[in-house]
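Undergrad: Please find one structure pasted underneath; my questions will follow.
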Amino acid sequence: KILDFFIYYAISDEAYDDEFVEKGWGAVRDVANIFFIIMLLYIAIKTVLSLNVSDNKRLVGVIIIVALLINFSLFTTKVVIDASNILAKVFYSNIKSVDENNVELKPGKKPEKSVTVGLVKQFNPQEMFAESGKDSIKENVGTFFAVLFIAILLMGYMVYMFLSVALLFVARVISLWIAMIFSPLAFISYTVPFSLGRFDHQKWWGDLFQTAFLAPL
């Protein structure tokens, strides 16, 4: 249930339309606009003092262009996210989830599929006990406990893997929230001569595409 929910949630549109993302992005954008004003004042002072005038003209043009594009930074980020989610939904919609009788499960109120049922169907530990039969279990208790021990290990590993993948999809959602909120900083990095770390435009674009297309992959 945990894995099924987070796979569905991570590729749904509602996960990335939260109000706090819009407000967070707006706050970062306002700070970025203040930075542009400071940069223009700095260039103006350099121009008055006749310091590197030719480079100042080029930098003014870059700042104006980036200052305009920064207002579309959230939209640009969402385009990448939506593209990856659409691709993921192509695979998701073709997943056939079945029960133990190989009957296809119908989605409930939400179009959420039971992906895990289809996976567990490929590994059914009950079959190991059913094939051995009650009589053989009575005759060979050692075999029964050996099979039981193996089944516990396999199911424990399966639970671990399901929870790990679920957390991976949770991390994807959180990472994309951060990418959307701080997208203005990535655009600012085009105008500064120093690196902004993880929010530098080269690093930010790489992380955005890697995280977004994690879902379809």
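The values are calculated or read from the model by the stated rules, or taken from the named source; none is laboratory data. Everything numeric here is computed off the predicted structure, so don't read it as measured data. Neighbour counts are summed over all protein chains in view; Cβ atoms, including those assigned to glycine, are modelled from backbone coordinates with ideal geometry. Quick note on the areas: whole protein, heavy atoms, side chains included, nothing else; ligands and nucleic acids left out. Shrake-Rupley method; radii C 1.70, N 1.55, O 1.52, S 1.80 Å.
Undergrad: Out of the residues in the stretch 167-190 that are hydroxyl-bearing (Ser, Thr, Tyr) and either crowded, with 17+ Cβ neighbours inside 10 Å or more than 24 Å from the chain's Cα centre (by Cα) (or both), which is farthest from Gln202 (Cα to Cα)?
TA: The extreme case among them is Ser183.
Undergrad: Scan Ile45, Ile34, Ile63 and give me the residue that is closer than 24 Å to Phe182 by Cα, part of a helix (DSSP H, G or I), out of contact with any helix residue (DSSP H, G or I) (no Cβ under 6 Å at 6 or more places or on another chain) and not acidic (Asp, Glu).
TA: Residue meeting the stated conditions: Ile34.
Undergrad: While we're here: Please work out if Ala15 is closer than 30 Å to Lys113 by Cα, in contact (Cβ under 8 Å) with a residue 40 or more places away in the chain and of a type in the set (A, V, I, L, M).
TA: Considered against the rule, which asks whether it is closer than 30 Å to Lys113 by Cα, in contact (Cβ under 8 Å) with a residue 40 or more places away in the chain and of a type in the set (A, V, I, L, M), Ala15 comes out as yes.
Undergrad: If a residue has to be over 25 Å from Ile2 (Cα atoms) and either surrounded by 13 or more Cβ atoms within 10 Å (Cβ to Cβ) or under 33 Å from the mean Cα position of the chain (by Cα) (or both) to count, how many in the stretch 142-166 make the cut?
TA: 3
Undergrad: Can you spot a residue in the stretch 66-75 that is open to solvent by 70 Å² or more (accessible area, probe 1.4 Å), within 21 Å of Leu208 (Cα to Cα), out of contact with any Lys or Arg (no Cβ under 9 Å at 6 or more places or on another chain) and modelled with pLDDT of 90 or more?
TA: yes
Undergrad: Here are the criteria: (1) part of a helix (DSSP H, G or I); (2) more than 29 Å from Tyr92 (Cα to Cα); (3) hydroxyl-bearing (Ser, Thr, Tyr). Tell me which single one Thr191 does not satisfy.
TA: The one condition Thr191 does not meet is (1).
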